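Visitor: I have a structure I would like to understand better, so I am pasting it below and will then ask my questions one at a time.
Just so it is clear, none of the values below were taken in a lab; they were calculated from the coordinates. In this text, all values refer to a predicted model and were calculated from it rather than measured experimentally. A quick note on method: Cβ atoms are made from the backbone with ideal geometry, for glycine too, and the neighbour counts reach across all protein chains shown.
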Amino acid sequence: MPLTRPNITIILAYIVIGLTLSAIIFVVLSISTTHWIHTIRMRAGFWKLCHLQPLTCFHSIVRSPAALSLTGLFLIVIGLISTFIFDIIDYRVPPSVRFISLLSIFSLGLGTFFFVMSYVAFSRITAHFCYSYYLMIVGQLLSMGAVIVASYLEGRRNALASTSVIMSRLVVRRP
């Protein structure tokens, strides 16, 4: 039984999906916990601000980093779904609307940008950062890796499609 060569496009698509799912897990953990800042007197996250002596918690008024990170999370989920549709299910789009297949790259890239903006906006507060802040950075790095692999995958697929069109024109002889 001869060994078949694995389809690199499918392998790359699964790598993009794995990186994106890992980024989503890290970002959801980062958003949901209240350990973005931890000092002797308080602990804060996107949603709560807790004073430790006496232990009282309030709703946080810092909403712009939360909105930025939720927007990034939404865009990353769109990128995950579009990667699944265009690369795993292998939904073929006509060449006239091929830009739709770039949706995964653009949404993953914009989601990564919003993650960066969320932790940069939160870092303007001078304090000691805790693990939630670093979870967001790890999620951003994973989504950046997914963007790089997805852009390579899309370039490879479009190059293969262009090459096959050129080769079919060369093979078909015209009278």
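Visitor: With no solvent and one equal point scatterer placed on each C-alpha of segment 36-90, evaluate the Debye formula and give log10 I(q)/I(0) for q = 0.13, 0.25, 0.29 Å⁻¹, two decimals.
Guide: -0.51, -0.91, -1.03
Visitor: Among Arg5, Arg43, Arg124, Arg156, what is the fewest-to-most ranking by other Cβ atoms within 10 Å?
Guide: By the 10 Å Cβ count, ascending, the order reads Arg5, Arg124, Arg156, Arg43.
Visitor: Something else: Starting with the fewest neighbours, write out Leu80, Leu12, Leu29 ranked by other beta-carbon atoms found within 10 Å of each beta-carbon.
Guide: Values: Leu80 23, Leu12 19, Leu29 15.
The most exposed by this proxy come first: Leu29, Leu12, Leu80.
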